[in-house]
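The values are calculated or read from the model by the stated rules, or taken from the named source; none is laboratory data. This is a predicted model, so every value here is computed, not measured. For neighbour counting, all protein chains shown are included, and Cβ atoms are generated from backbone atoms with ideal geometry for every residue, glycine included.
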Amino acid sequence: MDHKKQRVEKAIKPLRSRIFQPFRAIGYITNDIPFVIETRGQDYFLTTSVGNNFQTYNVAKMNLLFVSPTTENAISAMTSANGITYAACGNSVLAFKRGKEFSRVGGEGNFIIFQLLVLGPYVVGLCDDNTLKMWNTATRELYTEIEFGDQFTATAMIHPSTYLNKLLISSTEGTLQIWNIRTNSLVYQFKSFGSPITCLTQSPVVDVIAIGLLNGTVQLHNIKVDEKIDSVRQEDRVTAISFRTDEEPMMATANMHGDVALWDLNTRRLVHKMKGAHSGSISSVAFLNGQPVLVTAGADNAVKQWIFEKHNSVPLPLKYRSGHYGPPSKIRFYDSAGKAIISAGRDQSLRSFSLRRDAQSFEFSQGHLASKSNKKGLKMEDLKLPQIVDFSTCIAKEKEWDNVSTCHLNDNAIRTWSLNKKSKGKYTMISKDKSAIKTTTISACGNFVFAGCASGQIDMFNLQSGAHRKTYGGIDGHKKAVTGLATDNVNRFVISSSVDKTIKIWEFKSANLLHTIQLESPVVEILFLRDNDLLAVACDDLGIRVIDIETQKVVREFWGHRNRITDMTFSPDGRWIVSSSLDATIRTWDLPSGTMVDIFRVQDVVTSLTFSPTGDYLATSHVDNVGIFLWANRTQFTNVSLHSIPDDEEVQLLSLPSLNGDGGELDEDEDEMTTVVDPLNKTEQLTEKMITLSLEPRSKWQNLLNLDNIKQRNKPTEAPKLPEKAPFFLPTLPGAAPQFAIEEKKESSESKKSFFQLNEMHFVTDFTRLLRSGDESKDFSEFVAYCKSLSPSAIDLEIRSMTVDGQLTAMNQFVNAISYMLSTRKNFELAQAWLNVFCIIHGDLVVANPENPIHDKLSAILSQQKSEFGRLSDQIHYGLCLIDFVRKA
């Protein structure tokens, strides 16, 4: 008894979310780990790190080629050589080929590798425990280890060109050391450069190294003679350096503020400063070999390409890929097909992410911010619009005028945007009372936009002209800030919510108040489902109330969240409400039953969520995560048993989806809460009294009945030409299924006969053998199974090729087989089709032998068919009469 109880408890305990499983993450481009550019033939490939994965792009088109598998630890350094990508994860170095791991070294010790180099069969790692370690990739063993003293803290390393077995290593003390890694000995130590060294780069000239310092100085130094060649200085810390390798002698240096300085090495002066090239620290810059193209990447989750025209030191933007560098604050699916997600982030940007093709994602343009930034001497972030607190979209008038509206933090204006033009629109609509706008929505027709103000007033504007149309408020209006707005499908009414604990329904045209619904707590958010006129209301008391707009009554209440509700969404069919909260849980509420049917917890609090219009995915955004995460709806591809979940049940913690989608694999121990559907009864017949069909494709017996017409239709227009030389054919056995006769030749006296008798020319096929065997045993099951495996043309051939003798033996046996099928009530439609073909082919022969027993057998089959059809007809008419009686009653 106790054992059964334990099994029941295991079945009830959730092992994962019943409905959702991790699918993949989107919106990640790069992070602060330097990228790797590798040349393969004429193509360049860019590899960027994104946490526990790396992504590889084709530089020419910036198309994402593949994403690596998820590593155990975050990637801390990368390099590549000979088509192999090496990634440092903690204390291990993993080797990948075409995105698949095939080798790893290290894994022992408490350290993190922050820089990698490949030297032939060896991989070198600079570690945060102030050591340098080198592994043999063939034997996967540690080859050598160099420990630096307390007076030298390593920061970067390079392998100087033409320096065999030598590494140049920099330090925070501002000194450089040259080490021979084969002999494990210090070759030379340079004097201090007066500031910690942050980066090292090999110049196109042998022996000359570019040294970047923390104070912004970049010094060109000849390490062979230990002599300074030149130095330049930029603002703040140097993070990356690169040299052009085409005809122009130019050096690019980057700093931690997102600026790139371009230096002319001939004149030794600054020729251009790309201020605000990135919105954060630039991790790496690189000129493509022999091309006037500069590639930059920064901590702002962006990779950009810049092209230089001939003899022009001012680069132009060429291509870029970017995502949010501040966590998204609100996300919504845009179109009815669920192909794009509109996202507003804390980085003051509005973006569109494509779920089908990553290259179609883009950021809405806010104007010529770069040129304005250069003219005014300000950062681009200072010129951007304030952070978006709410937005609304509508696809009805996408091609006619602006179809996206946004309201911003502490701002009294609504901005319009055009998704068709991918840019900010031409209208800025200011609230009439000049109070800050808290929420916005666009009507279903796409002609009007509404603004909910902090004063409680609601303004309506025309999207086409930007003109103010009317105001909803006055004496009957809200007394405090508006928190939510919604309209119906046909512009009958406007719904508004407020912190004053009320829901108000306004007449759309006259702006008159129709109804006021008083609630017990201030309203945080409302969500209106236009298809069934249900309004979901999230309140400050941590409850979700569902109001029927037609009756103005609360029809459902959902309680269970432990902290403030951050967002909620309806499923496309209107059956579920999915909500998120500061308690880091995502809960699914079933509207018909009024219960919670799913719950799971995530590590980072959900800030916004939205359900795909097709029901495939749930998309979520999280605190401290710049990406958008997709969760697959399991009910779309498997049977899921949904029942009420008690509020005190243990909640499963799920990891967020990964970039390559490997987080969505099902566990080996299948969740017991998934409905276990009993497999179909594999028996051929549930009961002997039931007429059973064969479950064969309909074409299998229909083509048999129309085989002559099919052959006539497929008849070639001209006879096939004979080959010039007849090919060699292996001998085959007789029958519909071709089989080669590969039997060894036996030497016997009979084989030496040079004559044969005509009565000996008969062939026994599988069809004939099984038919004869079934007639003897009165069990034709094997014969029927064999015939079911044949094609329609093969069955036709076998029936036509029956052996004909004076007693019509084979034909009598075939009729007995048909009678057996009808008596057992199995394969009923096949029996009818086969008998039809038999009568057409051999009917004249049967008629010509009236004394043969086959006539009595065919008569018995006819009476048997009439009996079965009569019984079936009686059952059908009884059912129809019963249905008609119930309908009229």
Name the single residue that is farthest from Arg24 (Cα to Cα) among those in the stretch 57-70 being surrounded by fewer than 21 Cβ atoms within 10 Å (Cβ to Cβ) and among the polar types (S, T, N, Q). Asn58
Please count how many residues of the stretch 221-258 are in a strand (DSSP E or B) and either within 18 Å of Thr172 (Cα to Cα) or of a type in the set (Val, Ile, Thr) (or both). 9
Working only within the stretch 52-66, note down all residues that are under 18 Å from the mean Cα position of the chain (by Cα) and either more than 11 Å from Ala87 (Cβ to Cβ) or β-branched (Val, Ile, Thr) (or both). Gln55, Thr56, Tyr57, Asn63, Leu64, Leu65, Phe66
Specify the residue that is surrounded by the fewest Cβ atoms within 10 Å (Cβ to Cβ); the eligible residues are those in the stretch 98-129 that are in a strand (DSSP E or B) and of a type in the set (Val, Ile, Thr). Val118
Given the options Thr131, Thr139, Thr85, name the one that is of a type outside the set (Gly, Ala, Ser) and farther than 22 Å from Cys199 by Cα. Thr139
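Okay, residues lined up against (1) over 19 Å from Arg351 (Cβ atoms); (2) among the small types (Gly, Ala, Ser):
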position	(1), (2)
Arg587	yes, no
Arg601	yes, no
Thr610	no, no
Gly615	yes, yes
Listed by range, strands (runs of 3 or more DSSP E) wholly within the stretch 333-450 having at least 3 residues that are in the same structural domain as Val482 (by TED's automatic domain parsing) and of a type in the set (A, V, I, L, M) are 340-345
Taking the stretch 442-478 and the residues there that are touching a Phe, Trp or Tyr at 6+ places or on another chain (Cβ under 8 Å) and charged (D, E, K, R), the one that is surrounded by the fewest Cβ atoms within 10 Å (Cβ to Cβ) would be Arg469
Only one of Ile565, Ile544, Ile505 that is outside the structural domain of Ser612 (by TED's automatic domain parsing), closer than 28 Å to Ser455 by Cα and at pLDDT 95 or above: Ile505
Might you let me know whether the stretch 407-418 holds any residue that is in contact with a Ser or Thr (Cβ under 9 Å, 6 or more places away or on another chain), touching a residue at least 60 places away in the same chain (Cβ under 8 Å) and among the charged types (D, E, K, R)? no
Could you identify the single residue in Val555, Val537, Val499, Val524 that is over 19 Å from Gly574 (Cα atoms) and either exposed (fewer than 13 other Cβ atoms within 10 Å of the Cβ) or under 38 Å from the mean Cα position of the chain (by Cα) (or both)? Val524
Of the conditions (1) loosely packed, with under 13 Cβ neighbours inside 10 Å; (2) at pLDDT below 85, Leu862 fails just one. Which one is it? (2)
Within the set of pairs 6 or more residues apart or between chains, which connect a residue that is farther than 12 Å from Asp796 by Cβ inside the stretch 693-712 to a residue that is in a helix (DSSP H, G or I) and charged (D, E, K, R) with Cβ atoms less than 7 Å apart? Leu693/Glu829; Ser694/Lys788; Ser694/Glu829; Glu696/Lys788
Candidates Lys384, Lys379, Lys372, Lys330 - the one that is buried (at least 18 other Cβ atoms within 10 Å of the Cβ), charged (D, E, K, R) and under 26 Å from Ala436 (Cβ atoms): Lys330
Yes or no: Ala74 hydrophobic (A, V, I, L, M, F, W, C), surrounded by fewer than 16 Cβ atoms within 10 Å (Cβ to Cβ) and within 26 Å of Ala359 (Cα to Cα)? no
Among the listed residues Arg269, Arg244, which satisfies the condition of being outside the structural domain of His368 (by TED's automatic domain parsing), more than 44 Å from the chain's Cα centre (by Cα) and of a type in the set (Lys, Arg)? Arg269
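Conditions tested, residue by residue: (1) out of contact with any Ser or Thr (no Cβ under 6 Å at 6 or more places or on another chain); (2) within 30 Å of Ser365 (Cα to Cα).
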residue	(1), (2)
Ala436	yes, yes
Thr440	no, yes
Gly446	yes, yes
Phe461	yes, yes
Gly477	yes, no
Lys480	no, no
Trp506	yes, no
Just name the residue that is surrounded by the most Cβ atoms within 10 Å (Cβ to Cβ) out of those in the stretch 232-267 that are among the hydroxyl-bearing types (Ser, Thr, Tyr) and within 26 Å of Met157 (Cβ to Cβ). Thr253
Give the stretch 606-637 a look and list any residue that's of a type in the set (A, V, I, L, M) and either under 19 Å from Trp589 (Cα atoms) or in a strand (DSSP E or B) (or both), or say none. Val606, Leu609, Leu618, Ala619, Ile628, Leu630, Ala632
Do we have any residue at all in the stretch 844-865 that's of a type outside the set (Ser, Thr, Tyr) and under 58 Å from the mean Cα position of the chain (by Cα)? yes
